[in-house]
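The values are calculated or read from the model by the stated rules, or taken from the named source; none is laboratory data. On a predicted model such as this, the values are computed, not experimentally measured, just so you know. Glycine also receives a Cβ, built like all others from the backbone with ideal geometry; neighbour counts cover every protein chain displayed.
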């Protein structure tokens, strides 16, 4: 009898230890996730969350562009990250600086899953001469364009109006001048430049 009482006491003791755990699991078993499930859920949430409200998801900022998900302008040059990405610039390198590969630039590449729309024919060129004699003449023409015309052209090309309006005239001019120089270097103005233009 003493042995059976000890056996029942041990069983009761074991059940007293397990009961709070079993009750907790019964209440929250629906929401229980393994660590790998929690990580997958966190990744999915970051794909739809934009903490700094710059137009890039937290996932893209952390895993694609290597920018801060908490700063609208990761490189503090006055141009938000999404505008720099759409312009083809490194959002980790301030406009006008040469950062090279040390700034995380090697991670800055448009992933195949992000569709960047082709800009329409540049409205700024509509009033331009039909051709230019040199790249310097082309660049001089672009430098003569007013900030208001630049803003209108960028908005028409698909950049968010809020992003364009948030840039001061000098930042806007710097971004545009760099984009023109890059486009000339990439041969994107061959239709308005003669084949032998320097």
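Some points to look at:
- For the range 28-52, the candidate set comprises residues that are farther than 25 Å from residue 80 by Cβ and assigned to a loop (DSSP other than H, G, I, E, B); within that set, the residue that is modelled with the lowest pLDDT is 32.
- Filtered by the rule that a residue be farther than 23 Å from residue 94 by Cβ, assigned to a helix (DSSP H, G or I) and in contact with a helix residue (DSSP H, G or I) (Cβ under 8 Å, 6 or more places away or on another chain), the range 128-152 gives 135, 138, 149, 152.
- Counted residues, the range 158-191 - those being in contact with a helix residue (DSSP H, G or I) (Cβ under 8 Å, 6 or more places away or on another chain), at negative phi and part of a loop (DSSP other than H, G, I, E, B): 4
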